[in-house]
Amino acid sequence: MVAKRSELIKTKEKFLKAVFNAIQDGISVLDTEMNVIMIDHAMEKWYGNVVGKKCYEAYQNRREPCEDCPTIEAMKSGEMESRVVPGPKGLSFLSIEKVKKLASGMSFLNLLRLRQKEDRGNRPDQSAHRTL
């Protein structure tokens, strides 16, 4: 019985990882201390393996949280937040479309969408990704 449950858990984890990595937007899961605890393939491609680092160190090369940080705002409000933030080197902007407290109460999900500054301006597309 235990072996069957372990196998089922492994199968579900593999499925979730495949879905997670199939999404073309960058996904980063943070804990309440702003540590990166999980990233998808897109984030790893853009930033390398940043798991275990503070998000502001990993993504913005800062020593302290960013001003107007949507993750901190989401932690305070418990609501989804959106901001436009600078992207990785060579890319115009990334927009944090959703930052939401997960059911565990311990993690926040950042969905980062690649944006072309010249194509869309500086405002996030509020119509995309209404739910996660």
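Within region 1-30, residues that are farther than 14 Å from residue 113 by Cα have Cβ atoms under 7 Å from residues that are assigned to a strand (DSSP E or B) and of a type in the set (Ser, Thr, Tyr) in these pairs: 29/107; 30/107, counting only partners at least 6 apart in sequence or on another chain.
Can you tell me which residue is nearest to residue 23 (Cα to Cα) among those in region 39-73 that are touching a residue at least 12 places away in the same chain (Cβ under 8 Å) and among the acidic types (Asp, Glu)? Restricting to residues being touching a residue at least 12 places away in the same chain (Cβ under 8 Å) and among the acidic types (Asp, Glu), the top hit is 40. Residues in region 40-50 include none that are closer than 15 Å to residue 109 by Cα, modelled with pLDDT of 85 or more and in contact with an Asp or Glu (Cβ under 6 Å, 6 or more places away or on another chain). In region 80-110, the qualifying residues are those that are charged (D, E, K, R) and within 15 Å of the chain's Cα centre (by Cα), and the one that is modelled with the lowest pLDDT is 97.
The values are calculated or read from the model by the stated rules, or taken from the named source; none is laboratory data. Remember, predicted model here, so these are calculated numbers, not experimental data. Ideal geometry is used to build each Cβ from the backbone, glycine not excepted, and the neighbour counts take in all protein chains shown.
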